[in-house]
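Below: one structure, written as C-alpha cells.
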Amino acid sequence: MQNNIGLQTAYWNGTTPKLDIYKIIDLTKKANMDTIELKAGDFVPLTTEERRKLKNYIKDAGLSVTVNGTGLRPERDVSSSDKESHEAGIKHLCHMLDLCVEMDAKLFSGIPYGLWNTRPDGEDIAGIKKVRTANAVKGLTEVAKHAEEAGVTMCLEIVNRFEQYTANTAEEGIAVCEAIGSEYCKLLLDTFHMNIEEDYIPDAIRTAHEKGYLGYLHIGESNRKIPAGGRKTNIDWEAIAETIKEIGFEGPLVMEPFVLNTSASAKSVSLWRAIKPADDIDGLVADAAAGVKYLKSL
C-alpha cells in the first residue's frame, strides 16, 4: 500500500524513562513513519508560541499531522439535552478545530458525538440513543460549519459497543454523517473496533468510501498490537489492503497500538497486562518500523 502510514503518540506513553513530545517525534521518525497522530494533551495545554515551535519541529521531521481526542466531558457534551452543556460542547469542538489549524492538522478525529466509555443513562435504551444522537447531529452540524471554515475535516471515530453506543458500525456512522450533511464530516474507521462490530471489515471500508464518508483509518490487530507479517492474526490484512487499493483510498493509515500497561490510558482501554516491557524503547521502535514495512509491502 502506498498510503501514508502513521503512529499515534499514545503508543509511547508509559515508557521508562518517560518521553517528552519531542523525543516521541524523533522516535516516530526513526520508525519510518509518514504521519504522527497527536493526542489533545500533546498540544492543547501549550501556549501559542509553544504550539508553533512544536508544529515546526514536526514539519522539520518530515511528518504530517493528524489529531485524535475530542475532550468532551459531561459539562461540555453535544449529545446532552442540557442547553448549557450542549452549547459548551459545540464551543469546545470549534476551539479544537482552531488548534488543529495551528498544528497544520487537516484531520481531527475522536468521539465528538458524545462521551467516551459511557452507557445509556436509563432503561429506555432506544429512546435515549435516539435523543442523544439527535442532539449530537444538531450540535455537530454547527461544528461542521466551523470545520469547513477552518479547512479541517472532522472524522467521527466509530468505536465498539463496550465504549459508546451512538454509532458502532460504519452503517450507523454513515447515517450520522448524512444527517449532518457536510463534506467536512467523515468517519474514522478502526480495525480494532470493526473486528468486534462488522461482519467483514473490507466491506465496511468499501461502503464508507463509496458513500463518500471515509476520512481515514486506524490500523491495529484485534489485541491492539502493531500489524506485522510473519505471524497468524485474526485480521485479514491482505483483504483489507486489496480493498484499499481497489477503491483508490488515499488517506492515511494510522496505527493506534496500546501495549504498555504502565501508560495513563491503560485502564481506560482495558489493558491489564504488559504486552511490551516499558523499558524496551528500542523494541518499540523496531516493532513500529516492522509495522510500516509490512503495511507498505501489502
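The values are calculated or read from the model by the stated rules, or taken from the named source; none is laboratory data. Keep in mind that what you see is a predicted model, and the values were worked out from it rather than measured. Reconstructed Cβ throughout: ideal geometry from the backbone, glycine too, with neighbour counts over all protein chains shown.
Take T243 and tell me if it is surrounded by 17 or more Cβ atoms within 10 Å (Cβ to Cβ) and over 20 Å from the mean Cα position of the chain (by Cα). Break it down stepwise before answering.
Numbers: surrounded by 17 or more Cβ atoms within 10 Å (Cβ to Cβ): yes; over 20 Å from the mean Cα position of the chain (by Cα): yes.
Judged against the criteria, T243 is a match.
Consider the range 89-124. How many of its residues are assigned to a helix (DSSP H, G or I) and either among the acidic types (D, E) or surrounded by fewer than 19 Cβ atoms within 10 Å (Cβ to Cβ) (or both)?
The total comes to 6.
Under 9 Å between Cβ atoms, which residue pairs at least 6 apart in sequence (or on different chains) link something in the range 241-260 that is within 15 Å of L38 (Cα to Cα) and touching a residue at least 40 places away in the same chain (Cβ under 8 Å) with a partner that is small (G, A, S) and in a helix (DSSP H, G or I)?
Note: pairs meeting the criteria are M255/A288; M255/G291; E256/A10; P257/A10; P257/A288; P257/G291; F258/A10.
Report yes if some residue within the range 141-161 is in a helix (DSSP H, G or I), out of contact with any strand residue (DSSP E or B) (no Cβ under 7 Å at 6 or more places or on another chain), of a type in the set (D, E) and closer than 19 Å to S85 by Cα; otherwise report no.
Going residue by residue through the range 141-161, those that are in a helix (DSSP H, G or I) are 141-150.
Cutting the leftovers down to out of contact with any strand residue (DSSP E or B) (no Cβ under 7 Å at 6 or more places or on another chain) gives us 141-142, 145-146, 148-150.
Narrowing the set further to residues that are of a type in the set (D, E) leaves 142, 148-149.
Imposing the further condition that a residue be closer than 19 Å to S85 by Cα reduces the set to 142.
Yes - at least one qualifying residue is present in the range 141-161.
List, please: which pairs have Cβ atoms under 6 Å, are six or more places apart or on different chains, and start with a residue in the range 32-48 that is free of Cβ contacts under 8 Å to residues at least 40 places away in the same chain and buried (at least 18 other Cβ atoms within 10 Å of the Cβ) and end with one that is of a type outside the set (D, E) and assigned to a helix (DSSP H, G or I)?
Every condition considered, the pairs that remain are I36/T28; K39/T9; K39/A10; D42/T9; D42/I21.
K232 passes all but one of (1) outside any loop (DSSP other than H, G, I, E, B); (2) surrounded by fewer than 20 Cβ atoms within 10 Å (Cβ to Cβ); which number fails?
(1)
Which residue, of Y213, Y200, is under 30 Å from I180 (Cβ atoms), at pLDDT 95 or above and in contact with a Cys (Cβ under 8 Å, 6 or more places away or on another chain)? Please lay out each step first, then the result.
Details: Y200 fails: in contact with a Cys (Cβ under 8 Å, 6 or more places away or on another chain).
Of Y213, Y200, the one residue that is under 30 Å from I180 (Cβ atoms), at pLDDT 95 or above and in contact with a Cys (Cβ under 8 Å, 6 or more places away or on another chain) is Y213.
Being part of a strand (DSSP E or B) and touching a residue at least 60 places away in the same chain (Cβ under 8 Å) is the filter; apply it to the range 170-197 and report the residue that is surrounded by the fewest Cβ atoms within 10 Å (Cβ to Cβ).
D190
Can you find a residue that is within 16 Å of I25 (Cβ to Cβ), at pLDDT 95 or above and within 22 Å of the chain's Cα centre (by Cα) anywhere in the range 87-101? Don't jump to the end; show me each part of the working.
Residues of the range 87-101 that are within 16 Å of I25 (Cβ to Cβ), as a first pass: none.
No - not one qualifying residue is present in the range 87-101.
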